[in-house]
1. Please go through region 10-27 and pick out each residue that is surrounded by 15 or more Cβ atoms within 10 Å (Cβ to Cβ) and either part of a strand (DSSP E or B) or in contact with a helix residue (DSSP H, G or I) (Cβ under 9 Å, 6 or more places away or on another chain) (or both).
2. Quick check on this structure: which one of 30, 71 is surrounded by 18 or more Cβ atoms within 10 Å (Cβ to Cβ), more than 19 Å from residue 157 (Cβ to Cβ) and at pLDDT below 90?
3. Could you say which residue among 71, 54, 48 is part of a strand (DSSP E or B) and not assigned by TED's automatic domain parsing to the domain that holds residue 116?
4. Which of the residues belonging to region 123-142 are modelled with pLDDT of 85 or more and either in contact with a strand residue (DSSP E or B) (Cβ under 8 Å, 6 or more places away or on another chain) or outside the structural domain of residue 71 (by TED's automatic domain parsing) (or both)?
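The values are calculated or read from the model by the stated rules, or taken from the named source; none is laboratory data. This one's a predicted model, so the numbers in the text were calculated from it and none came from an experiment. Here the Cβ positions follow ideal geometry from the backbone for every residue, glycine too, while neighbour counts run over all protein chains shown.
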């Protein structure tokens, strides 16, 4: 009876030590005595202790840094280049088997492959074109990595070119060129704005002078019209009335000095006064 308890306890112990839990982010390959036996999906798995062994593989997206390196461009400049590669192991059985059995240390292999590929791509470009064609370099790097890793059971999700830095002296020269270009553009913009303001002031002065000129013309025309009306009134009313006023003033002065005036018969008083004043007699 005691022996039976010992056997049961041994069986329970072996069962528990053989339990394996595979997370949803992983897949597993179970080998029996060093030979592939079966595929382990996420969830509960049991392996025979000491006889079977499970190897896990991460199937989530991962990133590796290709690490900075000096690359000689087509115009013989040393550019410091760095890139990142995003990949993941496919979750199906064959892909997981390929990632474990067809390649040793996927991360290290991808880094070296990416570095070599970058040297080949950027070595054919000038430093200026390499900086302006980052999208093209990323696409080419992604295409080559995808072709070269087709038997590794992985998917190259994307590649990102982090930096393409020229030598320090070249960078300083480029900065000076960019600064000079910006100053040139600013000077042109300032000159254009100043010219626009001056042109606006000129047009305003012209408008103001035209307004003054027009006002003077209108004022002169008004004065001329007033003079014309005065002349017309003088021609029409002043001649006869002025003579009459002169005669009346003469009479007033004569009477004021007690002068004696002899008036001929059949002679109008006004005509007599007019003659005294030296003015032509009024017509009847």
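1. 20, 22, 26, 27
2. On inspection, the qualifying residue turns out to be 71.
3. Every option except 54 fails the conditions.
4. 123, 134, 137, 138, 141, 142
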